[in-house]
Amino acid sequence: MPGQQPVGSEELRERIRKARRVFVLTGAGVSAESGVPTFRGGGRTAVWKGLPFEVISSAGMVERDLPAVWEWFDYRRGVLEKCRPNPAHTALTAWQERFESLTLVTQNIDGLHAAAGSRGVLELHGNIWRARCTRCGARADVRELNDRERPPGCHECGDPMRPDVVLFGEMLPADVYREAAAAASVCDLCFVVGTSAVVYPAAELPVIASRRAYVVEINPEPTPLSELCHEVIHGRAGEVIPAL
Ligand code: BJW
Ligand code: ZN
């Protein structure tokens with residue numbers, strides 16, 4: 001656009017021109033402009049029915065009260081049904097064509113990167129639209145299950161299913177994390193977008209990348225990773241990413 005200020009430094013523009021392997025880690029902030037609530041930020045944390053989300057989204061809660069966990073995720077899916085990808089998601093999809101290699105890793109469970117057309121998205125924390133059997137691990141699309149049965153029974157073994165997401169105190173899918181860490185370790189340009197960078201091991205990925213890559217944070221607020229980044233762009237993902 002004529003008269004528009006360039007976003008980021010001259011060094012970043014040069015690095016974008018030369019980049020061969022690009023690594024992008026996204027968090028809840030990338031979906032904020034789609035209307036998806038974040039967990040933290042602005043000094044607030046999410047609470048549902050008086051429970052902090054660290055409690056309701058925890059492994060212990062699945063053990064104690066699986067129907068309540070379903071109620072929480074049914075509520076979240078209700079919010080997500082109305083949300084569409086925003087310009088940050090669509091610009092990242094276009095980046096897949098633009099760079100020789102682009103690895104898109106997300107902590108988000110909303111599926112909006114795939115909805116925007118991104119391929120091979122590495123979902124570190126699972127996907128809210130999938131259910132998984134607590135016994136045999138069989139998976140199902142939640143939209144194809146009976147929404148009056150909570151928890152739904154597994155189509156393979158009949159045992160209760162749970163949302164196929166990674167809760168506090170649970171292991172990340174090992175193959176997905178391994179692939180993300182491998183890509184982080186060989187990239188030359190890394191973007192950390194819309195994450196408070198306090199949840200591990202996801203927050204370790206930009207640290208791995210920083211050993212050889214130029215690391216850029218895009219977030220309206222500073223995070224514990226800001227100091228490590230070579231460049232911090234304070235702004236909204238939906239404005240900064242398309243402008244880059
Ligand atoms: C914008 C914007 C705009 C706004 N544009 N930006 C090492 C040290 C300490 C603790 C641990 C450690 N290693 C492991 C742990 C324990 C724990 C952990 O990390 N705890 C810390 C919080 C202290 N980790 C785990 O338990 C993980 N498992 C694990 O490590 O397994 C091994 C193990 C097993 C047993 C015991 C110990 C270890 C699993 C973590 C799974 C996290 N799951 C959740 C919930 C998913 C389901 C659900 O949705 O309910 O994932 S937690 C929640 O946080 C969700 C998110 O993916 C994750 C990260 O949040 P994110 O994306 O950063 O969002 P916000 O809201 O925090 O930030 C939004 C940001 O956007 C803000 O900065 C805004 O400024 C910005 N923003 N608008 C750009 N328009
Ligand atoms: Zn089963």
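The values are calculated or read from the model by the stated rules, or taken from the named source; none is laboratory data. For clarity, every value in this text was computed on a predicted model and none was experimentally measured. Backbone-built Cβ (ideal geometry, glycine too); neighbour counts: all protein chains shown. Remember, those area values only see protein heavy atoms, side chains included, never the ligands or the DNA or RNA. Shrake-Rupley method; radii C 1.70, N 1.55, O 1.52, S 1.80 Å.
So what is the diffusion coefficient of region 107-244 in µm² per second by Stokes-Einstein at 20 °C and 1.002 mPa s, using a Kirkwood Rh over Cα pairs?
Working: Rh = 16.8 Å.
Roughly 127 µm²/s, to the nearest whole number.
Largest GNM mean-square fluctuation across Ala213, Ala138, Ala91, computed for the chain with C-alpha springs under 10 Å, falls on Ala138. Fully extending the segment from Arg143 to Arg20 would add 40.4 nm, taking 0.36 nm per residue of separation and subtracting the current Cα-Cα distance. Projecting label points 7 angstrom from Cα along Cα→Cβ for Thr134 and Arg119 puts them 3.9 nm apart.
Each DSSP beta bridge with both residues in region 7-149 is either parallel or antiparallel, and the antiparallel ones are about 40%.
For the chain, the antiparallel share of DSSP beta bridges with both residues in that region comes to about 30%. I'd like the carbon and sulfur percentage of the solvent accessible area for region 24-94, probe radius 1.4 Å, heavy atoms only, ligands and nucleic acids excluded. Answer for region 24-94: carbon and sulfur cover 57 percent of the accessible area. Can you pull the percent of region 142-244's accessible area that's carbon plus sulfur, 1.4 Å probe, other chains left in place? Of the solvent-accessible surface of region 142-244, carbon and sulfur hold 50 percent.
Roughly speaking, what is the stretch gain from Tyr75 to Val7, that is 0.36 nm per residue apart minus the C-alpha to C-alpha distance, in nm to one decimal?
Gain in length upon complete extension: 20.8 nm.
Mind jotting down a quarter of the surface of the convex hull over the alpha carbons of the chain, in square nanometres, one decimal? Intermediate results must be reported in sequence, preceding the final value.
Details: hull surface 54.7 nm².
Its average projected convex-hull area is 13.7 nm².
Heavy atoms of the protein chains alone define the surface here; on that basis region 70-130 has 41 Å² accessible area per residue at 1.4 Å probe size.
Each residue of region 128-144 is assigned a 3J(HN,Hα), and the resulting list reads 5, 8, 10, 10, 9, 5, 6, 9, 9, x, 4, 10, 8, 7, 4, 5, 9 Hz, derived from the Karplus form 6.51 cos²θ - 1.76 cosθ + 1.60 (θ = phi - 60°), x at Gly and Pro.
Counting only C-alpha contacts under 8 Å and six or more residues apart, can you give the relative contact order of region 1-158 as a whole percent? This gives 22 percent for region 1-158. GNM on the chain, alpha-carbon springs under 10 angstrom: the most fluctuating residue among Trp95, Trp48, Trp129 is Trp48.
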